[in-house]
Amino acid sequence: MKLRQLHYIHEVAKRGLNVTAAAESLFTSQPGVSKQIRLLEEELGVDIFLRNGKHLAEVTPAGRRILEYAERLLQEVQNIKNVAEEFRQTDRGDLSIATTHTQARYALPPVIEKFRRKYPKVRMHLHQGSPPQIAKLAAEGTTDFAIATEAMHLFNDLVMLPCYHWNRCVLVRPDNPLAKKKGRVTLKDVAAHPLVTYTFGFTGRSKLDQAFAAHGLKPDVVLTAVDADVIKTYVRLGLGIGIVANMAYDPRQDHDLVALEAGHLFEMSTTHIGFRRGLFLREFMYEFITAFAPHLTRKIVDEAAAIADHEERSKYTQKLMASLRIL
């Protein structure tokens, strides 16, 4: 059994049993990958994949178990490399983060700027996607960290830690009646206008839907987008009023829009940062977590990572959120 063969079966499974795509990602040939998989199956005496002619059709029951152990072994191999890197050159390496557009565009820039000043030799990679894509990238080890707000059930395989709470604002053009309304806007006020907001599954959208549903309101959502800048563009065009994260409104850049406080209308959302349990965290990784969420000390991160049971880890996280002012 060769480590390369485990890499091959892991990559093939990750690529949806597409051997050609796996070979391309591994910078090798499709026949070479197929041959090594066959040799491994012959050595083990079981099929890892069922075949339909020349194509792989599905993973066998034995293959599923083998892939589980292969993934763990490959993670430990990467940990060994990380340990060596940590002791050989502590101030350089790679840091890969999967997150949504809102986090990448508004929350992360000052954090990354500060982090880069301290670790100029660390190469950073940002991957933007939906919550399912973010969870998959981190769980498979393609990225080191996942930063997300929505669909926390997708991240059960990761150690997820709360970073900060945030809420929303309603964006209107200056000529909109809501811009001249005295007192705070209500959900009924908002629902009376065409709405431009986030696509479901992104940036706390579920909290919006829950709030309207709880009051028996059905807003007229005329356009959704994953990008707050796109939402603002269509509000400027008069398509409707917008609901975006507070962090996405800049009084200087968005001076042609009026931002109305909406924290009283919707439940707060919490952004989390997560990583695979068992991942060896290098010193600069701890530093990045603390730069993003100062209350997440190395001690807290290690305590959470040491909890094997998901339910117990969730209880630890809830306790952490209750004991800290995450703002």
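The values are calculated or read from the model by the stated rules, or taken from the named source; none is laboratory data. Note that the structure is predicted; figures quoted are calculated from it, not measured. With ideal geometry, Cβ positions are generated from the backbone for all residues, glycine too; neighbour counts draw on all protein chains shown. SASA here: full protein model, heavy atoms, side chains in, ligands and nucleic acids out. Shrake-Rupley method; radii C 1.70, N 1.55, O 1.52, S 1.80 Å.
Within the stretch 189-204, identify whether any single residue is in contact (Cβ under 8 Å) with a residue 24 or more places away in the chain and either touching a His at 6+ places or on another chain (Cβ under 6 Å) or basic (Lys, Arg) (or both), and answer yes or no. Looking for residues that are in contact (Cβ under 8 Å) with a residue 24 or more places away in the chain and either touching a His at 6+ places or on another chain (Cβ under 6 Å) or basic (Lys, Arg) (or both), one finds none in the stretch 189-204, hence no.
On the stretch given as the stretch 63-88, residues that are over 27 Å from the mean Cα position of the chain (by Cα) and within 16 Å of Arg4 (Cβ to Cβ) total 1. Taking the stretch 218-327 and the helices (runs of 4 or more DSSP H) fully enclosed by it, the elements with 3 or more residues that are over 30 Å from Tyr119 (Cβ atoms) and open to solvent by less than 40 Å² (accessible area, probe 1.4 Å) are at 228-236. If you go through the stretch 83-98 and pick out every residue that is touching a residue at least 24 places away in the same chain (Cβ under 8 Å), part of a helix (DSSP H, G or I) and among the charged types (D, E, K, R), you end up with 2. Against the condition touching a helix residue (DSSP H, G or I) at 6+ places or on another chain (Cβ under 9 Å) and assigned to a strand (DSSP E or B), how does Val196 come out, does it pass? In short, yes.
With the structure loaded, tell me whether Arg65 is touching a strand residue (DSSP E or B) at 6+ places or on another chain (Cβ under 8 Å), surrounded by fewer than 16 Cβ atoms within 10 Å (Cβ to Cβ) and free of Cβ contacts under 8 Å to residues at least 40 places away in the same chain or whether it fails that test. Taking the combined requirement at face value, the residue does not satisfy it.
The numbered conditions (1) at pLDDT 90 or above; (2) within 21 Å of Arg276 (Cα to Cα) are all true for Leu74 except (1).
Between Ile80, Ile112, the distinction of being under 28 Å from His272 (Cα atoms), modelled with pLDDT of 90 or more, in a helix (DSSP H, G or I) and open to solvent by 20 Å² or more (accessible area, probe 1.4 Å) belongs to Ile112 only. From the set of residues in the stretch 119-131 that are touching a residue at least 60 places away in the same chain (Cβ under 8 Å) and touching a helix residue (DSSP H, G or I) at 6+ places or on another chain (Cβ under 7 Å), which is most open to solvent (accessible area, probe 1.4 Å)? If we take residues in the stretch 119-131 being touching a residue at least 60 places away in the same chain (Cβ under 8 Å) and touching a helix residue (DSSP H, G or I) at 6+ places or on another chain (Cβ under 7 Å), then Tyr119 is most open to solvent (accessible area, probe 1.4 Å). Comparison of Lys182, Lys207 shows that the only residue that is open to solvent by 10 Å² or more (accessible area, probe 1.4 Å), not acidic (Asp, Glu) and not in a helix (DSSP H, G or I) is Lys182. Considering the stretch 1-77, the qualifying helices (runs of 4 or more DSSP H), each wholly inside and each with 3 or more residues that are touching a Phe, Trp or Tyr at 6+ places or on another chain (Cβ under 7 Å), run over 30-44. Listed by first and then second residue, the pairs with beta-carbon distance under 8 Å, at least 6 apart or on different chains, first residue in the stretch 209-238 and over 19 Å from Gly263 (Cα atoms) and among the small types (Gly, Ala, Ser), second open to solvent by 60 Å² or more (accessible area, probe 1.4 Å) and not in a loop (DSSP other than H, G, I, E, B), are Ala225/Tyr234. Regarding the stretch 161-168, can at least one residue be identified that is in a strand (DSSP E or B), within 21 Å of Gly274 (Cα to Cα) and aliphatic (A, V, I, L, M)? Looking through the stretch 161-168, at least one residue is in a strand (DSSP E or B), within 21 Å of Gly274 (Cα to Cα) and aliphatic (A, V, I, L, M). Every condition in (1) within 19 Å of Gln5 (Cβ to Cβ); (2) of a type outside the set (Ser, Thr, Tyr); (3) touching a His at 6+ places or on another chain (Cβ under 6 Å) holds for Ala98 except the one numbered (1). Condition test on Leu137, is it at pLDDT 90 or above, out of contact with any Leu (no Cβ under 8 Å at 6 or more places or on another chain), crowded, with 17+ Cβ neighbours inside 10 Å and over 25 Å from His255 (Cβ atoms)? Answer is yes for this residue. Restricting to the stretch 33-62, name every residue that is of a type in the set (Gly, Ala, Ser) and either surrounded by 14 or more Cβ atoms within 10 Å (Cβ to Cβ) or more than 34 Å from the chain's Cα centre (by Cα) (or both). If the condition is that a residue be of a type in the set (Gly, Ala, Ser) and either surrounded by 14 or more Cβ atoms within 10 Å (Cβ to Cβ) or more than 34 Å from the chain's Cα centre (by Cα) (or both), then Ser34, Gly45, Gly53, Ala62 are the ones that fit.
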